[in-house]
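This report concerns only the one structure given below.
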Amino acid sequence: MPHIVVRGIPVEQLKEISTALVEELAAICGCGTDNFMIECLHTTAVFQGNEVESYPFIEVAWFERGQEVRDRFAQAIARHVLSLGIPEVETAFIAYRQDSYYLNGEGFFE
Amino acid sequence: MPHIVVRGIPVEQLKEISTALVEELAAICGCGTDNFMIECLHTTAVFQGNEVESYPFIEVAWFERGQEVRDRFAQAIARHVLSLGIPEVETAFIAYRQDSYYLNGEGFFE
Amino acid sequence: MPHIVVRGIPVEQLKEISTALVEELAAICGCGTDNFMIECLHTTAVFQGNEVESYPFIEVAWFERGQEVRDRFAQAIARHVLSLGIPEVETAFIAYRQDSYYLNGEGFFE
């Protein structure tokens, strides 16, 4: 937690930014870097009958931390991704309910 | 946006329907076809100790547009998928919060 | 339904637990085993500039069934996953809205 689930950015490019990005995100959230998971989904994008490159998109699945933290989180992601020469990236946040998250079968917040 | 995330339908078959499907979905939503992303997830399904074919499933991640648009959107998806000879498809909609969606680090609706 | 979407657990190991796990989950939910889909996502995890093994994580996408059923569901998943010698697993539940789920274009609950 948070889960950073990526489409449309090559793994090799993610490696370049992963260390600095996670350090910045950990500072924003006030938690350790080992809480972060960056996962690249293997996908095939289809448009108008052809396989195309996936649009750069990052879904962050986390516990809601409010507008200010969310804005800074999204800005950090965008700055690092755009630094790779990628022209555009969209980011969406999905908030898990705290009572619906478990570690080894026990409620995460109990 | 909207994101159309597919499991259990071969890429080759999706290509056949992608153009007409996206045109119809764009008309339903009143937006351009270039807003749509069709992404096939690479997955392995497991059932009773074996690898099996994934069940055809499409998750639509979008901004909520209300029951009528959603119904028409789901009907269009189903009609095109079933036209491929696929007997059954389930579709679920996930609504992103507008304040939790960003383009290049800026709020999408600001 | 429910969808059991897995990252970070090898397919071969999932096969070992799939039959007993789904039987137990079906008993908890009071439905047939053929309602369950176990899907392993193909992903690449990145941490500190390197590809690493994905952290074991299971997202359950379903209709909300309340705290007691959810707890038992999460406990069953954890017990079976940990029985493989995997030291830790996180599980998150995403609730689909009943009015936003379709079978062949028709509302699932109509």
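The values are calculated or read from the model by the stated rules, or taken from the named source; none is laboratory data. Just so it is clear, the structure is predicted and the values come from calculations on it, not from any experiment. Glycine gets a Cβ as well: all are built from the backbone with ideal geometry, and neighbour counts include every protein chain shown. With ligands, DNA and RNA removed, areas are computed over all heavy atoms of the protein, side chains included. Shrake-Rupley method; radii C 1.70, N 1.55, O 1.52, S 1.80 Å.
Structure summary
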| read-out | value |
| --- | --- |
| Chain C: angle of helix C:11-29 to the longest principal axis, Cα-based, in degrees nearest 10 | 30 |
| Heavy-atom accessible surface that C and B bury in contact, both chains counted, 1.4 Å, Å² to 100 | 2600 |
| Cα centroid of region C:45-110 to Cα centroid of region A:34-53, whole Å | 20 |
| Percent of alpha-carbon pairs separated by more than 25 Å within the protein assembly as shown | 51 |
| Quarter of Cα convex hull surface for region C:3-97, i.e. mean projection, nm² | 6.6 |
| Inter-chain shielding of A:71-77 (mean C-beta neighbours from other protein chains, 10 Å cut-off) | 4 |
| Cβ-based net charge around residue B:57, under 11 Å, with every Lys or Arg adding one and every Asp or Glu removing one | -3 |
| Tilt relative to chain A, helix A:67-82 - C-alpha long axis, 0 to 90 degrees, to 10 | 30 |
| Test item: Cα-centred dipole of region B:3-97, Lys/Arg +1 and Asp/Glu -1 on Cβ, debye | 220 |
| Average Cα contact separation per residue, region B:1-91, under 8 Å, 6 or more apart, as relative contact order % | 41 |
| Rounded accessible area of residue A:42 (nearest 10 Å², 1.4 Å probe) | 70 |
| Pseudo-label separations to other copies for residue A:83 - Cα-to-Cβ vector, 7 Å, nm | 4.7, 4.7 |
